[in-house]
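For reference, the structure discussed in these notes is given below.
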Amino acid sequence: MANRLEAQPQPLEIDWKRTAVIIIDMQNAFISRGGMFDLRGFNVSGLAGAVGPIKRLADAARVRKIKVIYVIQVLSPDLREVGPVTPYFYNHLLKVYRENPELRDKLLLRGTWGAQIIDELKPQEDEIVVEKSRFSAFAGTNLDIILRTYDIRYLIFSGVATNICVESSLREACHLQYFSILASDAAMAYPPARHESTIANVAQCFGWVADTESLIKAMASSQD
């Protein structure tokens, strides 16, 4: 079911049968009050602005039998995936694990509240959830194998943070020769200027940018 998507920097002919919506890091640690980002002083109310657009986009995709794939950041209790001899271990957010062990349930440890996808966006029973331990959804995961198994070539990216995990994932998708689309209002960053910077980067070099209204309209008008 090929269809024209109105996007920047130019329209894209998209095959919806070969398309997936990728939802990145919509977890309590990043989005919810009392989670890691909130404890570190980030404006989680701004990041939560992505929830409604993501839900509408995912629901529309499900109606059209378009795959919805979740990617979450999860670490083992001993942080074996990131340290202690990697640069990632010294990222300022991971300092919380070392300096505030009493907060570990609020962070990204497997099985904790912090690592869980927020209630508003819980995956459906048959939907795929990919665990990652780096910013990119492709680094050290089986996401590329999953997508190629289902013959998917078009990826719609959403989630948080636009300028970090979403952009890292979209850039790598571009390098792997996927047609990558940023759902501009279904991703958020703090402060907002960083979100706008990613939009400019994607439109200039790495793919296409479209808002959820345009994406949902194109899905609804597609021909089987």
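Report, ordered by the first and then the second residue, all pairs with beta carbons closer than 9 Å, sequence separation of six or more or different chains, a first member in the stretch 34-48 that is farther than 16 Å from Ile164 by Cβ, and a second member that is part of a loop (DSSP other than H, G, I, E, B) and not hydroxyl-bearing (Ser, Thr, Tyr).
Note: pairs meeting the criteria are Gly34/Trp113; Gly34/Gly114; Leu39/Asn100; Leu39/Leu107; Ser45/Arg33; Ala48/Ile118.
Against the definition (over 28 Å from Asp38 (Cα atoms), modelled with pLDDT of 95 or more and part of a loop (DSSP other than H, G, I, E, B)), how does Gln177 come out, yes or no? Walk me through how you get there before you give the answer.
Working: over 28 Å from Asp38 (Cα atoms): yes; modelled with pLDDT of 95 or more: yes; part of a loop (DSSP other than H, G, I, E, B): yes.
Considered against the rule, which asks whether it is over 28 Å from Asp38 (Cα atoms), modelled with pLDDT of 95 or more and part of a loop (DSSP other than H, G, I, E, B), Gln177 comes out as yes.
Listed here are the residues, each with its yes/no results for (1) part of a helix (DSSP H, G or I); (2) modelled with pLDDT of 95 or more; (3) of a type in the set (Phe, Trp, Tyr); (4) under 21 Å from Gln8 (Cα atoms).
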| position | (1), (2), (3), (4) |
| --- | --- |
| Ile146 | yes, yes, no, no |
| Asp151 | no, yes, no, no |
| Arg171 | yes, yes, no, yes |
| Ile181 | no, yes, no, yes |
| Tyr190 | no, no, yes, no |
| Glu196 | yes, yes, no, yes |
| Asn201 | yes, yes, no, yes |
| Gln204 | yes, yes, no, yes |
| Gln223 | no, no, no, no |
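Tally time: how many residues in the stretch 130-156 are over 27 Å from Tyr90 (Cβ atoms) and touching a residue at least 60 places away in the same chain (Cβ under 8 Å)?
Summing the residues that are over 27 Å from Tyr90 (Cβ atoms) and touching a residue at least 60 places away in the same chain (Cβ under 8 Å) in the stretch 130-156 gives 9.
Would you call Arg62 at pLDDT below 95, surrounded by fewer than 16 Cβ atoms within 10 Å (Cβ to Cβ) and farther than 30 Å from Pro101 by Cβ?
Numbers: at pLDDT below 95: no; surrounded by fewer than 16 Cβ atoms within 10 Å (Cβ to Cβ): yes; farther than 30 Å from Pro101 by Cβ: yes.
Taking the combined requirement at face value, the residue does not satisfy it.
Run down Leu109, Leu94, Leu147 and say which single residue is at negative phi, in contact with a Pro (Cβ under 8 Å, 6 or more places away or on another chain) and hydrophobic (A, V, I, L, M, F, W, C).
Checking each option against the conditions leaves just Leu109.
Hey, does the stretch 78-101 have a residue that's in contact with an Asp or Glu (Cβ under 6 Å, 6 or more places away or on another chain), touching a residue at least 12 places away in the same chain (Cβ under 8 Å) and outside any helix (DSSP H, G or I)? So that I can check it myself, show each step before the final result.
As a first pass, look at the stretch 78-101 and keep what is in contact with an Asp or Glu (Cβ under 6 Å, 6 or more places away or on another chain): none.
No: the stretch 78-101 contains no residue that is in contact with an Asp or Glu (Cβ under 6 Å, 6 or more places away or on another chain), touching a residue at least 12 places away in the same chain (Cβ under 8 Å) and outside any helix (DSSP H, G or I).
Would you check if Ala20 is touching a helix residue (DSSP H, G or I) at 6+ places or on another chain (Cβ under 7 Å) and either of a type in the set (Lys, Arg) or not in a loop (DSSP other than H, G, I, E, B) (or both)?
Numbers: touching a helix residue (DSSP H, G or I) at 6+ places or on another chain (Cβ under 7 Å): yes; either of a type in the set (Lys, Arg) or not in a loop (DSSP other than H, G, I, E, B) (or both): yes.
For Ala20, the condition - touching a helix residue (DSSP H, G or I) at 6+ places or on another chain (Cβ under 7 Å) and either of a type in the set (Lys, Arg) or not in a loop (DSSP other than H, G, I, E, B) (or both) - is met.
Gly41 versus (1) in a helix (DSSP H, G or I); (2) on the phi > 0 side of the Ramachandran plot: which is the lone unmet condition?
(1)
For the condition of a type in the set (A, V, I, L, M), modelled with pLDDT under 95 and surrounded by 22 or more Cβ atoms within 10 Å (Cβ to Cβ), what is the one hit in Met36, Met26, Met1?
Numbers: Met26 fails: modelled with pLDDT under 95; Met1 fails: surrounded by 22 or more Cβ atoms within 10 Å (Cβ to Cβ).
From the options Met36, Met26, Met1, the qualifying one is Met36.
The values are calculated or read from the model by the stated rules, or taken from the named source; none is laboratory data. Here the structure is a predicted model, which is why all the values come from computation and not from measurement. Note that we place each Cβ from the backbone using ideal geometry, even for glycine, and neighbour counts take in every protein chain shown.
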